[in-house]
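Okay, so here's the structure we're looking at.
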Amino acid sequence: MRFGEAGIDAALTDATAPEREPLLNEQQEGHLVALACGTPPDGRERWTLELLTERLIADGVVDSISVESVRLLLQKKHLKPWQVRQWCIPRLTEAFIRWMEMILTLYARPFDPKRPMVCFDEKMTQLLSDVRESLLLTPRVGR
């Protein structure tokens, strides 16, 4: 098809796919993560992809979403609630959701060089690329 329309060069090279808009915004992703880490519905031991998908739609987070999209979003966050027991928030209270949404809104702000945002996370890192030479101690004269 591409050969007939644009010639041999177009047929032999892969055209880059256009950028796609994310399926969920940060707040919707946060809701999904909170659900996946929360307590599963009564009568269930673990969340399944189907249960998470149904719950996202039932909660009004999205109008529709596929099970595969939910799987890919959880994979991006390295979450597998149906396989691994991990640290999760025990209850999703309204106060917790309010704080979570406030933080996600803060992180979604555009960069402002006059008001930089400093984020402290749990990962310890050591800055090695910006090391200054140490100053030698010299005795003070005239004391």
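Taking the Cα centre as origin and putting +1 on Lys and Arg beta-carbons and -1 on Asp and Glu beta-carbons, what dipole magnitude results for segment 23-107, to the nearest 20 debye? Write out the running numbers ahead of the final one.
Values: 10 positive and 11 negative charges, 84 e Å.
In total the dipole reaches around 400 debye.
The Cα atoms of segment 23-107 define a convex hull whose projected area, averaged across directions, is 5.6 nm².
Among the trypsin sites (Lys or Arg not before Pro) in segment 32-68, those placed in a DSSP loop whose Cβ has at most 15 other Cβ atoms within 10 Å are ARG44, ARG46.
Within a 10 angstrom radius of the beta carbon, how do THR39, THR93 rank from fewest other beta carbons to most? It would help to have the intermediate numbers written out before the result.
Working: THR39 13, THR93 10.
Going from least to most buried by this count: THR93, THR39.
Any read-out appearing in this document is the output of simple, stated calculations on the displayed coordinates, not a laboratory observation. Just so it is clear, the structure is predicted and the values come from calculations on it, not from any experiment. Reconstructed Cβ throughout: ideal geometry from the backbone, glycine too, with neighbour counts over all protein chains shown.
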